[in-house]
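Q: What follows is a structure written as structure tokens; I'll ask about it next.
Every number here is computed from the coordinates shown, using simple stated rules; none is lab data. Remember, predicted model here, so these are calculated numbers, not experimental data. Using ideal geometry, Cβ is built from the backbone for each residue, glycine included, and neighbour counts are taken over all protein chains shown.
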Amino acid sequence: YADAAALPVGGMTALQLLRQSGVRVGHRVLVYGASGSVGSYAVQLARHWGATVTGVCSTANLDLERSLGAASVIDYTRESVVRDGVAYDVVFD
């Protein structure tokens, strides 16, 4: 039961923070740590609400992020999170 009790924490945390940020259709959202528990839920929820999501993760998790709904991914081990000319409405870290 201890393992099961921890399961909803990531989803509930992502839900609360995204609601507070006001994510909505058309927003651009950057999720740093997108392959972790909270980040994985944040990618899916932001996408569900109509945002365009960029996930930041390591090389091993690039395909996972795309499968969760990230429109683009940044491999922090190979490229900078700061891209010229890209602005985000919400940065989720």
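Q: Whole angstrom only: what separates the Cα centroid of the range 79-93 from the Cα centroid of the range 10-56?
A: 14 Å
Q: In the range 18-48, which residues have a backbone nitrogen under 12 Å from the label point lying 7 Å from residue 9's Cα in the Cα-to-Cβ direction?
A: Under 12 Å, as judged by backbone N against the label point of residue 9, lie 37-38 of the range 18-48.
Q: Here's a follow-up. What does the extension gain come out to for residue 81 and residue 20, with contour length at 0.36 nm per residue minus their alpha carbon separation? Spell out each step's value before the answer.
A: Numbers: separation 61, 0.36 × 61 = 21.96 nm, distance 2.33 nm.
Length gained, residue 81 through residue 20: 19.6 nm.
Q: Could you tell me which trypsin sites (Lys or Arg not before Pro) in the range 28-79 are loop residues by DSSP with no more than 11 other beta carbons within 10 angstrom of their beta carbon? Working shown, then result.
A: Details: sites: 28, 47, 66, 78; in loops: 78.
Answer by residue number: 78.
Q: By its C-alpha gyration tensor, with a ≥ b ≥ c as the square roots of the eigenvalues, how is the chain shaped: rounded for a/c under 1.5, else prolate for a/b larger than b/c, else oblate?
A: Details: a/c = 2.09, a/b = 1.28, b/c = 1.63.
Oblate is the answer for the chain, as a/c is 1.5 or above yet b/c matches or exceeds a/b.
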